[in-house]
Amino acid sequence: MRASLSTRTFHTHQTMRKSIAQFQSRVKAFLIIGLCLPVGAVLFLWLLAMPDVSVLRATNPTVTALMEARQAQAEAQGHTIGRYWMWVPLSRISPHLHQAVVAGEDASFFTHEGFDWEGIKDAALYNIEAGKLKRGGSTITQQLAKNLYLSSERSLLRKAQEALITRSLEHHLTKERILELYLNVAEWGEGVYGAEAAARHHFKKSSRDLTSDEAAWLAAILPSPRRYDPMRKTTSLARRHDRILKRITRGSPQSPQLEPEPKSEPDSEPELEPDQHSAEPPVQEQTGDYNESPTSR
C-alpha cells in the first residue's frame, strides 16, 4: 500500500516537473519570437528600401544625405547656407590628395573590404570606457555610406545600416571609384563639398594643383571640417598635418599610392557659372556639373 502511494507520488512529481519545464520552454519561445519578430520586421523593411549603390558605377550623386541635413539644420536655425560643390574625376584631383586622405583617414583602405576590424575594436573599447558611442572606427567606405545615405545620429541601428551599405559599396564598386566618390562628396567647410571646391575655397587653386603640404592640410581638417581651417593653424591641427605629411612624403607602406587614372577629357578647368569663380561659397546653391563621366567609364 505504502509502496503504491509512493509510486503515485513520484509519478505526480515527475508529471509536474515535465509540465513546468514545458511551460518554461513555451515562455522562452514566445519571448524569443516576440523579440525577434520586430527586429526582423525592421531589418526586412529597411532591406526593401536599401539604396541601389550599383548605379554609382556609372552616375554621380546629385545630392547627399549630409548636404540635406546641413541645409535642414541651417533652416531650423533661421538662416540658409550656400552649397559650393563641383564634381571632378579622380584623374583631375592631385595624387597628393589621394595619398593624404588615405593616410589620414584610412591607412588600410586598399587592403580591407570595407571594415578596419582593428580600428573597430579600438573604438569599441574606447566607447565602453566612455559609456557612450563616441568613436566609430570608420573607414573611407563607411564614411561614404554615411555621407551619401544616412543621418549623423549615433545608434546601433544606424551603424547596422551603415554596415550593409558599406558592404554593398565594396561589392559593386572599385576602390578607385569609392575614393573618387568620397573625395567629391566629403565636407571641407561650411557649405564646401568635394576636393575641387575645397582647394579653391582654402587655397585659391584647382584640386589638381595641390602640393603635398596643401593636401596634408586638407586631409587634416576632414575629421572636423567646419571647426578647422588650414589658414588658422591650431596646435592639434598642425600635429595631424605633420603626421600625414610625413607618411606621404616618406613613402609610408601604410598609404598605398594610386596610379594616375588615364585622362578621358581635355585637361581644362571645370566649367563654372559666372558667380562660381569666387573662392568663397556663393549665397545661392551651386551644384556644378554632375554629368561628367565617372572613372569607370
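Things to note:
- Enumeration of residues in region 40-73 that are of a type outside the set (Val, Ile, Thr), assigned to a helix (DSSP H, G or I) and at pLDDT 90 or above: Ser54, Leu56, Arg57, Ala65, Leu66, Met67, Glu68, Ala69, Arg70, Gln71, Ala72, Gln73
To keep it simple, each residue is scored yes or no on (1) among the hydroxyl-bearing types (Ser, Thr, Tyr); (2) in contact with an Asp or Glu (Cβ under 7 Å, 6 or more places away or on another chain); (3) within 30 Å of Thr211 (Cβ to Cβ); (4) modelled with pLDDT of 90 or more.
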| residue | (1), (2), (3), (4) |
| --- | --- |
| Lys146 | no, yes, yes, yes |
| Ser155 | yes, no, no, no |
| Ala160 | no, no, no, no |
| Ile165 | no, no, no, yes |
| Thr174 | yes, no, yes, yes |
| Glu187 | no, no, yes, yes |
| Tyr193 | yes, yes, yes, yes |
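- Qualifying residue in region 79-94 (condition: at pLDDT 70 or above, in contact with a His (Cβ under 9 Å, 6 or more places away or on another chain), open to solvent by less than 60 Å² (accessible area, probe 1.4 Å) and outside any helix (DSSP H, G or I)): yes
- Considering residues of region 165-194 that are touching a Phe, Trp or Tyr at 6+ places or on another chain (Cβ under 8 Å) and part of a helix (DSSP H, G or I) only, the residue surrounded by the most Cβ atoms within 10 Å (Cβ to Cβ): Asn184
- Total residues in region 64-78, condition under 16 Å from the mean Cα position of the chain (by Cα) and free of Cβ contacts under 8 Å to residues at least 40 places away in the same chain: 1
- Qualifying residue in region 123-143 (condition: modelled with pLDDT of 90 or more and in contact with a Ser or Thr (Cβ under 6 Å, 6 or more places away or on another chain)): yes
The values are calculated or read from the model by the stated rules, or taken from the named source; none is laboratory data. Fair warning: this is a prediction, and the values are worked out from it, not measured in the lab. So basically every Cβ, Gly included, is an ideal-geometry build from the backbone, and we count neighbours across all protein chains shown. Remember, those area values only see protein heavy atoms, side chains included, never the ligands or the DNA or RNA. Shrake-Rupley method; radii C 1.70, N 1.55, O 1.52, S 1.80 Å.
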